[in-house]
Every structure is written in C-alpha cells, then in structure tokens.
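K.L.:
Before I ask anything, let me first share the structure, which is written out below as structure tokens.
The values are calculated or read from the model by the stated rules, or taken from the named source; none is laboratory data. All values reported here derive from a predicted model rather than from experimental measurement. Note: ideal-geometry Cβ built from the backbone for every residue, glycine included; neighbour counts use all protein chains shown.
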Amino acid sequence: MKTTRPFRPFSRLGKTKTPAEPPPKSRPTPFRERREALTGFLAVLLGLAAPAHALEHTTGFEVDIRGWTVIKGTSQFNWARQTRGTHSGHTGPSGAHEGDYYLYLEASRNYPSRIAYLQSREFSGKIQTVSFHYHMYGAHMGSLALEGLDGNSWITLWATTGQQHPNHQAPWTREEVTLSGRTIQKIRFKGTTTNNPNGGQYRGDMAIDYITVTTDKIVTSDHWQKTESEDGLYYGPGNVGIGDKQPQADLSILGNL
C-alpha cells in the first residue's frame, strides 16, 4: 500500500528563505560622544554669554575708579569713594549696591547749584547701552544726570531731580539708557547740588554704583585679554569668560575634532 507524505512548501531552490537580519547600527565611539557633547555645550555657552558684536565694560569702584575721571566743575568736593554710610545724617545710602564701595557727592558746604562730573574714557566702539545704580535720599537733594559727548557737544541722555529714596536702607535704583543709533563714545555723570541758597542744606548726598557700558566693538585680538570688569576673568572671542588665568591651550582646535 502506497504511503502519502505530507506536503511541505519549498522554494525554487529547494530551501525555505529566511529573512536577512538588518545590519547592526553603528554606535559612536566614546571619543566622538564626548566631542559632540563638548561642542554642543560650547555652542550654547557662546550663544548665551553675550550678544554678537557687544562688549561690556563694568566698574564697581571696589579697587579704584577704574578708567573714570572725577572733575570738580564748580563744586568744592569731587565724587569720592565711600564704604558704608556717608558723613552726614538723614542722607545717602547705608552701603554700596554691590560689594563694599560706591561713589557719592558730599552736599555739606557744597551749595547752591555746585556741579561735579564723573567722566568715562573714550571707548573705541560706539556705546549701545549704559546701566547704573543710583541712590538719592535726602530732603535737600539736587539733581543727577547722564550726559554723552555727541560730536563736540555734551547732551543730556537721562536726568532726575530731588529725593528718590525714602531712607538710608532703601534699595538702590537701577537705570538703563539705550543709545542705539547715536554716535556717542564718551559719557559723564553730572551731579548738581540743591539750588536753595539757604544755610544748612546738607541732606543731599547722592550716590552711584556698578556702572556697565556696552559698546558695539567685539574682541578681535588673537590674544586673550583681561576684561575691564573686576572679576578677574580672561575673555576670548565672543566675550566669553573662561577662568581666571590665561589658558595655555588653543581652544579653537575644538572645531577640528
């Protein structure tokens, strides 16, 4: 008796085809992973550190007046560095906005309408913004103005008059002045004491602190240079601080890794 074998499918060549396994995906080497992570981190850092084409010049008066010049004008006293409160009661701040020192103009025996200037150096790039902190507590307060040299003339960029703070401990006020579109390369603060000729007008000690001037000139030197701010950082292209010592390695090679 003939036996019937079960039917089995077979391929054209007599063997069943097995689907090929996909080739394994290549994994980046540890060196490549580290390089890509470092490159991405630096890209974010460079993008967030400062706007393109900008350089900041910050002065906090902790060591000296750092590139600024005091000009007496018609006053008897210059702008002076001070720590803690001023020498007169019921006027002036209780201390600096940042750090220990600030500049102030003494009002005692310095009225009526006496003027003193605090003048910057001439910056190589055009000034974009000026920010600063001021304190004006005192019943006999005069006026404070920010002026800019436009060509051959000084023009008023910002000004305020009279008492602006209720007491010694009141927080300092931050002001920012935008100068985009102007060609100003030098600025000065103008302090004017009260115009009241009566005696005893000593409660008018105005103060300024922590000035930041932003210019449109970027760092183009091939060498690392120290920032003008008082934090001791070294700045590379893009105005990015990278520690407190001049680096020995050339970080530009990161782009070639």
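K.L.:
Taking the condition surrounded by 14 or more Cβ atoms within 10 Å (Cβ to Cβ), touching a His at 6+ places or on another chain (Cβ under 8 Å), closer than 18 Å to Trp68 by Cβ and of a type in the set (Asp, Glu), does Glu147 pass? Walk me through it before giving the result.
P.N.:
Working: surrounded by 14 or more Cβ atoms within 10 Å (Cβ to Cβ): yes; touching a His at 6+ places or on another chain (Cβ under 8 Å): no; closer than 18 Å to Trp68 by Cβ: yes; of a type in the set (Asp, Glu): yes.
No: the conditions fail for Glu147.
K.L.:
If a residue has to be closer than 30 Å to Gln201 by Cβ and surrounded by fewer than 14 Cβ atoms within 10 Å (Cβ to Cβ) to count, how many in region 163-187 make the cut? Talk me through it step by step, then tell me what you get.
P.N.:
Let us first name the residues in region 163-187 that are closer than 30 Å to Gln201 by Cβ, namely 163-175, 177, 187.
This time we only want the ones that are surrounded by fewer than 14 Cβ atoms within 10 Å (Cβ to Cβ), so: 166-167, 169, 171, 174.
Final tally of qualifying residues: 5.
K.L.:
Against the conditions (1) within 19 Å of Ile187 (Cα to Cα); (2) surrounded by fewer than 18 Cβ atoms within 10 Å (Cβ to Cβ), where does Glu98 fall short? Just the number, please.
P.N.:
All conditions pass for Glu98, except number (1).
K.L.:
Separate question: Only one of Gln163, Gln185 is closer than 18 Å to Ser120 by Cβ and either touching a strand residue (DSSP E or B) at 6+ places or on another chain (Cβ under 8 Å) or in the same structural domain as Arg84 (by TED's automatic domain parsing) (or both); which?
P.N.:
On the way: Gln163 fails: closer than 18 Å to Ser120 by Cβ.
Of the residues listed, the single one that is closer than 18 Å to Ser120 by Cβ and either touching a strand residue (DSSP E or B) at 6+ places or on another chain (Cβ under 8 Å) or in the same structural domain as Arg84 (by TED's automatic domain parsing) (or both) is Gln185.
K.L.:
Return yes or no: is Asp231 among the acidic types (Asp, Glu), more than 22 Å from Tyr137 (Cβ to Cβ), modelled with pLDDT of 90 or more and surrounded by fewer than 18 Cβ atoms within 10 Å (Cβ to Cβ)?
P.N.:
Details: among the acidic types (Asp, Glu): yes; more than 22 Å from Tyr137 (Cβ to Cβ): yes; modelled with pLDDT of 90 or more: no; surrounded by fewer than 18 Cβ atoms within 10 Å (Cβ to Cβ): yes.
So Asp231 does not fit the description; no.
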